[in-house]
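The values are calculated or read from the model by the stated rules, or taken from the named source; none is laboratory data. This is a predicted model, so every value here is computed, not measured. Note that we place each Cβ from the backbone using ideal geometry, even for glycine, and neighbour counts take in every protein chain shown. What goes into the accessible areas is simple: the full protein's heavy atoms, side chains included, and nothing from ligands, DNA or RNA. Shrake-Rupley method; radii C 1.70, N 1.55, O 1.52, S 1.80 Å.
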Amino acid sequence: MNVNDVKPHAVPGGTIQLTAPPPEKTLHGMLYYMKLTRELEFRIERKLYRQGKIVGGVYVGRGQEAIAVGACIDMRHEDVVCPSHRDMGAFLIRGMSLRTIFAQYMARKTGATRGKDGNMHMGDLNLNLVPFVSMLADNIPVAAGIGLSFKIRGQDRVALCFFGDGATSRGDFHEGVNMAAVLKVPVVFICNNNQYAYSTPLERQMAVANVADRAEAYGIPGEIVDGNDVLAVWDAAARAVERARGGHGPTLIECKTFRMTGHSAHDDAGYVPRELFELWEERDPIKRFERYLTERGVIAPGGIEEIDKRINREIDEAIQIAEKDPFPDPDDTLKDVYYEG
Amino acid sequence: MALTTYVEAIRQGIWEEMEKDERVFVLGEDVGIYGGAFKVTAGMLERFGEWRIIDTPISESAIVGAAIGAALMGMRPIAEMQFADFISCAFDQITNFAAKSRYRWGAGVPIVVRAPSGGGVHGGPFHSQNPEMYYVHTPGLKVVCPSTAYDAKGLIKAAIRDPDPVIYFEHKFLYRRIKEELPADDFVVPIGKAAIRRHGTDISVITYGAMVYTALDAARQLEKEGIDLEVLDLRSLLPFDREAVLDTVKKTNKVILLHEDTRIGGFAGELASVISEEAFEYLDGPIRRITAPDTPVPYSPPLEEFFLPKVSDVIRVARELYAY
Ligand SMILES: Cc1ncc(C[n+]2csc(CCOP(=O)(O)OP(=O)(O)O)c2C)c(N)n1
Ligand SMILES: [Mg+2]
């Protein structure tokens with residue numbers, strides 16, 4: 001696929017006309033959460049996993065941070081997010097603590113699933129975060145149902161549902177998006193099109209050029225955005241959310257990006273042409289946004305180092321606590337299969 | 001001679017059948033360039049080309065459905081599920097289209113659905129399941145669960161040659177842990193035949209899959225106490241070797257049914273019924289089950305350790321039964 005098939009970049013020196021650019025506070029938030037995501041996942045994949053402190057599979061969203069952050073940063077508390085396995089930013093913005101996340105990865109009792117499940121399989125209804133199951137695209141019909149409940153009860157709430165390009169090949173994608181479209185429920189479907197599904201490149205996944213092209217078949221708008229441009233994602237998501245709130249039904253947003261890692265920590269991505277990594281490295285969403293912010297004076301000289309220091313401190317503290325957190329008791333295995341009062 | 005791992009044995013079995021029979025082909029996610037998530041199809045793309053090792057979209061239902069269609073047209077497809085957990089996404093095609101075809105209109109569906117299953121690999125609830133019983137409960141299917149490299153190879157060949165749909169559960173924990181010397185000649189392991197892995201006189205442990213090794217470890221330890229276990233590996237669950245089950249019960253008169261799958265609706269329940277219906281008078285003690293508890297497979301190591309049946313469980317139950 002032609003990686004240049006994306007709209008002009010909003011940053012740097014972008015041409016996207018933002019309807020109304022976000023306030024400075026939001027800009028700072030975007031940078032913080034993207035950088036926090038990156039460092040958190042770096043620690044998980046390159047430190048804790050390699051030190052054997054995390055067992056099983058580890059998936060990160062390096063290079064894709066702008067998508068969850070851009071789409072979620074302005075969500076209202078009562079809105080609901082259904083993230084995929086590359087959307088760490090969504091958990092952070094929703095307010096899941098770093099300690100809870102590290103404890104989850106290290107299989108501790110204090111983790112989001114109390115050791116029952118691992119890695120990104122985290123959720124918390126108090127944070128309006130609905131966890132995914134590994135079965136790709138299963139969360140799409142569920143998001144339709146979340147939106148349906150808002151519609152039935154006349155609530156001013158929206159659901160954001162994330163998934164990868166590969167997930168759109170599953171029947172549940174079709175069933176979920178179609179039903180959401182027919183019932184005009186307030187859901188925004190956001191595809192992280194990182195151009196690979198494990199080793200499978202996009203052209204082996206679908207015969208259309210863009211995931212967004214599929215929207216037409218469901219009678220809903222489909223929009224392609226530069227997924228490495230946090231402002232472009234933010235802008236598209238804001239419009240789709242407004243549409244959903246206005247009772248006009250779902251939108252499908254395709255965020256073009258690139259998976260800057262293997263599929264998981266054990267995969268060296270030998271099947272990905274090296275030039276693609278180099279090309280997309282230049283489009284790194286964090287570096288681009290840092291440049292944009294410093295050029296505009298939103299961030300003072302030295303401001304970035306300040307943020308890095310803060311993030312490192314927060315992460316160090318959280319790891320220290322989580323590492324001392326207890327593992328679950330073996331007997332916990334038997335708990336919570338059913339309601340226990 | 002070189003030792004062949006369980007995973008390599010599956011690969012060899014598929015490879016040899018593909019060399020011999022051009023109707024055989026593989027389809028699944030990441031099976032081509034990548035050689036499969038567990039490398040079962042490594043090197044096959046180069047040898048057989050992209051129309052016999054087919055990388056598909058993430059579409060389990062379409063993978064199995066397409067296998068069925070091709071099988072009806074005379075081909076011998078092998079559909080790979082990346083993990084057995086995701087076979088649920090193809091449930092309908094397997095249990096309705098494939099399983100009922102011959103019965104309804106006489107058309108056999110000779111497909112193989114390969115499903116890497118089982119726990120002990122820190123996979124959590126969605127990468128550790130043992131979903132065999134959904135399929136054992138579906139007349140028209142065959143279900144096999146090899147435990148050795150020899151069986152892995154012999155059963156994949158038998159499955160490919162079988163005129164009916166076979167669900168082939170390969171245990172992930174065994175992939176690289178189990179190896180043995182394999183004969184050079186072309187051999188199959190017939191579907192529906194059990195194997196005695198250890199001859200004994202006191203108690204029979206009837207099991208399958210990775211639990212065969214749990215039983216054998218327990219047997220080695222119990223030997224020192226003078227308790228002599230017989231270990232029967234079912235190898236196939238549907239059809240299963242009723243005769244071998246009854247024979248071992250009649251020989252030892254005491255029986256432990258062991259599986260990694262959860263308890264209610266697990267295969268042990270079926271075995272217990274058959275034993276009590278057909279060999280009740282031979283029993284000198286209660287039929288005992290050792291299974292996982294009725295919960296999802298948990299992720300955290302202490303929980304997963306608790307969940308999986310252990311050597312110590314077999315030893316404890318065997319002692320109780322021995323004293324009975
Ligand atoms: C139904 C199903 N089939 C197979 C898998 C195994 N699997 C996990 S992630 C993955 C690739 C996913 O690709 P995509 O949807 O593009 O998301 P990405 O990982 O690229 O973000 C596969 C095949 C799965 N989790 N679920
Ligand atoms: Mg992808």
Using alpha-carbon coordinates alone, the radius of gyration and Dmax of chain B in Å work out to 19.5, 60
Segment A:Asp336-A:Val133, extension gain: residue separation times 0.36 nm, minus the distance between their alpha carbons: 71.3 nm
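What does the structure give for B:56-65 when I average, per residue, the other chain Cβ atoms found within 10 Å of the residue Cβ?
On the way: counts 4, 11, 15, 8, 5, 3, 3, 0, 0, 0.
Mean shielding by partner chains, rounded to a whole number: 5.
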Solvent exposure of the protein assembly as shown as accessible area per residue, Å², 1.4 Å probe: 39
Can you compute the charge dipole magnitude of region A:38-155 about its Cα centre, using +1 on each Lys and Arg Cβ and -1 on each Asp and Glu Cβ, nothing else charged? Give it in debye, rounded to the nearest 20. 520
Dividing the alpha-carbon radius of gyration of region A:285-341 by 2.2 N^0.38 Å (N being the number of residues), what value is obtained? 2.06
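Report, for chain B, the % of DSSP beta bridges that are antiparallel, rounded to 5. It would help to have the intermediate numbers written out before the result.
Working: 8 of 40 bridges.
Approximately 20 percent, going by the DSSP bridge assignments.
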Net charge of Cβ neighbours under 11 Å - reference B:Gly120; Lys, Arg +1; Asp, Glu -1: 0
Determine how large the accessible area of A:Ile286 is when every protein chain is in place; take a 1.4 Å probe and give Å² rounded to the nearest 10. 10
Please compute, for peptide A:196-203, the average count of beta-carbon atoms on other protein chains lying within 10 Å of each residue's beta-carbon. 4
Leading residue at positive end of dipole, region B:195-323 (Cβ point charges), from B:Tyr208, B:Ala292, B:Ala219: B:Ala219
So, with +1 on the Cβ of K and R and -1 on the Cβ of D and E, and no other charges, what is the size of the charge dipole of region B:195-323 about its Cα centre, to the nearest 20 debye? 200
At what distance in angstrom do the alpha carbon centres of region B:37-102 and region A:110-141 lie from each other? 29
Please report, to two decimal places, log10 I(q)/I(0) for region B:195-323 at q = 0.10, 0.19, 0.21 Å⁻¹ as given by the Debye formula with identical point scatterers on the Cα atoms and no solvent. -0.28, -1.02, -1.23
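Run the dipole for region B:4-180 about the Cα centre, Lys and Arg Cβ at +1, Asp and Glu Cβ at -1, nothing else charged, and hand back the magnitude in debye, nearest 20. Let's see the in-between values first.
Working: 19 positive and 21 negative charges, 76 e Å.
In debye, rounded to 20, region B:4-180 gives about 360.
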Please list, in order along region A:22-36, the HN-Hα scalar couplings obtained from phi with the Karplus expression 6.51 cos²θ - 1.76 cosθ + 1.60 (θ = phi - 60°), rounded to whole Hz, x for Gly and Pro. x, x, 4, 4, 5, 4, 4, x, 4, 5, 4, 6, 5, 5, 5
Karplus-derived 3J(HN,Hα), 6.51/-1.76/1.60, for each residue of region A:326-341, Hz, glycine and proline x: x, 6, x, 6, x, 4, 4, 3, 7, 8, 6, 5, 10, 4, 10, x
Quote the FRET efficiency, to the nearest 0.05, computed for A:His77 versus A:Glu278 with a Förster distance R0 of 41 Å and r equal to the Cβ-Cβ distance. 0.50
Evaluate the distance, in nm, between pseudo-label points positioned 7 Å from the Cα of B:Leu3 and of B:Ser276 along their respective Cα→Cβ axes. 4.2
Which entries in the list B:Lys142/B:Lys193; B:Lys224/B:Lys254; A:Lys287/A:Lys309; A:Lys151/A:Lys256; B:Lys193/B:Lys250; B:Lys157/B:Lys251 go over 24 Å, if you measure between the two C-alpha atoms of each? A:Lys151/A:Lys256; B:Lys157/B:Lys251
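What order do B:Tyr213, A:Tyr198 take when sorted by accessible area (1.4 Å probe), most exposed first? Intermediate results must be reported in sequence, preceding the final value.
Numbers: B:Tyr213 60, A:Tyr198 20 Å².
Result of the area sort, largest leading: B:Tyr213, A:Tyr198.
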Under the rule of at least 5 residues apart or a separate chain, name every residue whose amide H is placed under 5 Å from the amide H of B:Arg197. B:Val231, B:Leu232, B:Asp233
Specify the inter-centroid distance of region A:43-64 and region B:105-176, based on alpha-carbon positions, in whole Å. 31
Quick calc: nm separation of the 7 Å Cα→Cβ label points for A:Thr294 and A:Asp308 -> 1.0
So what are the ³J(HN,Hα) numbers for region A:194-210, from phi and the Karplus equation (6.51, -1.76, 1.60; θ = phi - 60°), rounded to whole Hz, Gly and Pro as x? 9, 6, 9, 10, 6, 8, 8, x, 3, 5, 8, 9, 8, 9, 8, 6, 10
Please compare each pair in A:Lys335/B:Lys172; B:Lys20/B:Lys172; B:Lys153/B:Lys179 to a cut-off of 23 Å on the Cα-Cα distance and tell me which ones are over it. A:Lys335/B:Lys172; B:Lys20/B:Lys172
Quantify, in whole percent, the carbon and sulfur part of the accessible surface of chain A (1.4 Å probe; protein heavy atoms only). 52
Nearest 100 Å² is fine: how much accessible area is buried between B and A, summed over both sides, with a 1.4 Å probe? 2900
What accessible area, in Å² to the nearest ten, does a 1.4 Å probe give for A:Glu78? 70
Check A:Leu160: other-chain or 5+ apart residues with amide H under 5 Å from its amide H, H built from backbone geometry? A:Val80, A:Val81, A:Cys82, A:Val188
Sort B:Glu170, B:Glu181, A:Glu314 by accessible area with a 1.4 Å probe, largest first. B:Glu181, A:Glu314, B:Glu170
As a Kirkwood estimate from alpha-carbon pairs, chain A has a hydrodynamic radius in angstrom of 20.4
